[in-house]
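Okay, so here's the structure we're looking at.
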Amino acid sequence: MNIYENMVVLNANISDEEAEASVAKIKELVTGQGGEVLKVEVWGRRKLSYEINKQKKGLYVLLFYKTPSATVKKLEDFYKVSDAVLKYVVLKLGTKQIQSFEKTEAAAAAPEQRGEA
C-alpha cells in the first residue's frame, strides 16, 4: 500500500456538521477499501487565492492515509460529484516524503507519550 497526501477545499458556506460528514465519508472510503487514515488536519476557513465557483473562501482539510491505489480513483469520483468539494489534490508520497512524515509524527507523539502536552 502507498501513502497519500490529500488536500481538500470544501465550500466554506457549509455547516460544521456537513463538513464533518464530508470528512467522515472520505475516511469511510479509505477504511472501507482496507486502508488506514494516518492523520487529519482541519485548517479551517481561509481566503482562496482565486475565486472558485463564485466562492472567495474555502474550508481546508489535509489528510494523510495509507491505502491501495484503486481507492484513490474512488475518492476522486466522490470529489467530482460532491457539491461540498471545491478543489482537491491527491499526491502519492515518495520515500523521502514518507520518512519526513514519519519523523514529524514520531516527534509529535513523543511529548504525548511522556505525559506532556
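The values are calculated or read from the model by the stated rules, or taken from the named source; none is laboratory data. Everything numeric in this text was worked out from a predicted model, so none of it was measured. Cβ coordinates were reconstructed from backbone atoms using ideal geometry, including for glycine residues, and neighbour counts include every protein chain displayed. For the accessible areas, the whole protein counts, side chains as well, though only heavy atoms, and no ligand, DNA or RNA atoms are used. Shrake-Rupley method; radii C 1.70, N 1.55, O 1.52, S 1.80 Å.
Which of the strands (runs of 3 or more DSSP E) found entirely inside region 1-95 contain at least 1 residues meeting this: at negative phi and basic (Lys, Arg)?
The qualifying strands (runs of 3 or more DSSP E) are 36-52, 55-67, 85-92.
Answer yes if at least one residue in region 62-70 is more than 27 Å from Thr95 (Cβ to Cβ) and not basic (Lys, Arg), and no otherwise.
No, region 62-70 contains no residue that is more than 27 Å from Thr95 (Cβ to Cβ) and not basic (Lys, Arg).
When you scan region 18-55, how many residues do you find that are open to solvent by 40 Å² or more (accessible area, probe 1.4 Å) and closer than 15 Å to Asp83 by Cβ?
Of the residues in that region, 5 qualify.
Given Asn11, Asn6, which one is closer than 19 Å to Gln97 by Cα and of a type in the set (S, T, N, Q)?
Asn6
Conditions (1) modelled with pLDDT under 90; (2) within 13 Å of the chain's Cα centre (by Cα), marked per residue:
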position: Glu18; (1), (2): no, no
position: Gly32; (1), (2): no, no
position: Lys57; (1), (2): no, no
position: Phe64; (1), (2): no, yes
position: Val89; (1), (2): no, yes
position: Glu102; (1), (2): yes, no
position: Glu116; (1), (2): yes, no
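Which residue is farthest from Met7 (Cα to Cα), if the candidates are limited to region 24-53 and must be among the charged types (D, E, K, R) and touching a helix residue (DSSP H, G or I) at 6+ places or on another chain (Cβ under 9 Å)?
Per the stated criteria, the residue is Glu36.
Anything in region 76-111 that is open to solvent by less than 60 Å² (accessible area, probe 1.4 Å), touching a residue at least 40 places away in the same chain (Cβ under 8 Å) and touching a Phe, Trp or Tyr at 6+ places or on another chain (Cβ under 8 Å)? List them, or say none.
Hits for region 76-111 are Tyr79, Val85, Val90, Leu93, Phe101.
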